[in-house]
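Reviewing the structure listed below.
Values quoted throughout were computed directly from the atomic coordinates according to the rules given, and no laboratory measurement underlies them. Predicted, not measured: the structure shown is a model, and the values here were computed from it. As a convention, Cβ positions derive from the backbone with ideal geometry for all residues, glycine included, and neighbour counts pool all protein chains shown.
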Amino acid sequence: MLKRLRDILSVPGDRVGKARRVSAAIRETGGYRWVGIYDVSEDEIGVVAWSGPSAPAHPRFPVGQGLCGASVKSKETIAVGDVSSDPRYLPTLETTRSEVVVPVLDRTSGRVVGLVDVESDLPDAFSAEDRRCLEECAALLAPLWSAGRA
C-alpha cells in the first residue's frame, strides 16, 4: 500500500485528484469498505475525497464532533471496534460497525491538518497492523497540505 501511495504522490497533479486516488488506493489495497480524506481547520472538518459505496452523510462538521474530532483533539489515532457503544461516534453510513481515524500532522507545527478515516461494516475490523499501516499512510500524506487547501 505504501509503495502505491508514494507512486500516486510522486506524479504531478492537483491535490484533490491525488487525494481521490489515495483514498481509492487505501480502500482497494486494504480491503476496506470506506475511506475518507479530510481537511481540518480551526473550526471545521471537511471531506476532500472519499472512496466507498456512498458519500459521507456529514461532508462538513464542527471540529469537536465525532471520532474525527476526538482524533484532532488528541492528535492520536482513534480506533473503535463497535461504534454503537461509543458516544463520540457521529453516524455516517448506516452499516458502519468499526472505524479508525488517523490524524495527518503538519511536519513543522505538529498541528492536525488532515485525517484519514476508514470504516468497516464488521465489528473489530481493524488490527494493530491495519492501524500501523494507516498511520504510515497519514505520514506520507502530510505534504498534500503544504501544497495548499482544496
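Just a few scattered comments:
- Direction-averaged projected area, Cα convex hull, segment 69-133: 4.4 nm², rounded to one decimal.
- Sum of -39500 (n - 2.57) over DSSP H runs of 4+, divided by residues of the chain (222 nm, nearest 500): -11000 deg cm²/dmol
- Listed residues ALA24, ALA55, ALA128, most fluctuating in the chain (Gaussian network, C-alpha, under 10 Å): ALA128
- Per-residue Cβ neighbour counts within 10 Å put ASP124, ASP130 in the sequence ASP124, ASP130, beginning with the fewest.
- Using θ = phi - 60° in the Karplus curve 6.51 cos²θ - 1.76 cosθ + 1.60, the 3J(HN,Hα) couplings for segment 46-54 round to x, 5, 9, 7, 8, 9, x, x, 7 Hz; x is entered for Gly and Pro.
- Average projection, convex hull of the Cα set of segment 2-146: 7.7 square nanometres.
- Helical segments meeting 24 Å axial Cα length and Kyte-Doolittle 0.0 threshold in the chain (DSSP H): 128-146
- Across segment 37-109, the volume of the C-alpha convex hull divided among the residues equals 92 Å³ per residue.
- Prolate is the label for segment 111-150, because a/c, from the alpha-carbon gyration tensor with a ≥ b ≥ c as root eigenvalues, is 1.5 or above and a/b exceeds b/c.
- Centre-to-centre, using Cα atoms only, segment 34-73 and segment 102-150 are separated by 12 Å.
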